[in-house]
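Trainee: I'd like to ask some things about the structure below.
The values are calculated or read from the model by the stated rules, or taken from the named source; none is laboratory data. Owing to the predicted nature of the structure, the values given are computational and were not obtained by experimental measurement. Here Cβ is always computed from backbone atoms with ideal geometry, including for glycine, and neighbour counts include all displayed protein chains. In case anyone asks, the SASA skips ligands and DNA or RNA and just uses the protein heavy atoms, side chains included. Shrake-Rupley method; radii C 1.70, N 1.55, O 1.52, S 1.80 Å.
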Amino acid sequence: MHDTSEQARAERRAGHEAIRAEVATEEAEAIEAEIAEKAASLDVPLHLRIDRELDAELRRRAAAEHIPTSALVRRLLRRAVHEQNPSGLTAADVEDIARRVTREELRATSR
């Protein structure tokens, strides 16, 4: 019986170590993605005003993707700018939105 409980403990420890290793790998990948996103971003601040609902949605999506809100907004803006949809936003509209989002984000971090 003693051997069985020792074996069970060893198996649990091995399982815990495997989980820790997986979490560490995921965290490292998230950090790499954030570093790459920051390196690719320009140091040009854009500011825009958005309502609380949009802010909450952007923050939820960013949290779900484990990335900063600004990285998510940059990704969404790039996608919107590169899409050739005549019925959609113009590049000027997207730039305007980006400026407002950044302004609100800077305002929120300074509080």
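Trainee: Any chance you could count how many residues in region 84-99 are at pLDDT below 80 and either surrounded by 15 or more Cβ atoms within 10 Å (Cβ to Cβ) or in a loop (DSSP other than H, G, I, E, B) (or both)?
Mentor: So the answer is 7.
Trainee: Here is a further query. Could you grab me the full set of residues in region 54-65 that are open to solvent by 40 Å² or more (accessible area, probe 1.4 Å) and over 8 Å from the mean Cα position of the chain (by Cα)? First the steps, then the outcome.
Mentor: Within region 54-65, the subset open to solvent by 40 Å² or more (accessible area, probe 1.4 Å) is 54-55, 57, 59-61, 63-65.
Matches in region 54-65: L54, D55, E57, R59, R60.
Trainee: Then there is this: Inspect region 33-51 for any residue being open to solvent by 70 Å² or more (accessible area, probe 1.4 Å), modelled with pLDDT of 90 or more and closer than 22 Å to R74 by Cβ and give the result as yes or no. Quick ask: steps written out before the conclusion?
Mentor: So the first thing to find is which residues in region 33-51 are open to solvent by 70 Å² or more (accessible area, probe 1.4 Å), and the list is 35, 38-39, 42-45, 49, 51.
Imposing the further condition that a residue be modelled with pLDDT of 90 or more reduces the set to 51.
Retained after the next criterion (residues that are closer than 22 Å to R74 by Cβ): 51.
Yes, the conditions are met somewhere in region 33-51.
Trainee: On to the next question. Would you be able to tell me the number of residues in region 66-83 that are assigned to a helix (DSSP H, G or I) and open to solvent by 80 Å² or more (accessible area, probe 1.4 Å)?
Mentor: Kept after step one, since they are assigned to a helix (DSSP H, G or I), are these residues of region 66-83: 69-82.
So of that shortlist, the ones also open to solvent by 80 Å² or more (accessible area, probe 1.4 Å) come out as 75, 78-79, 82.
Count: 4.
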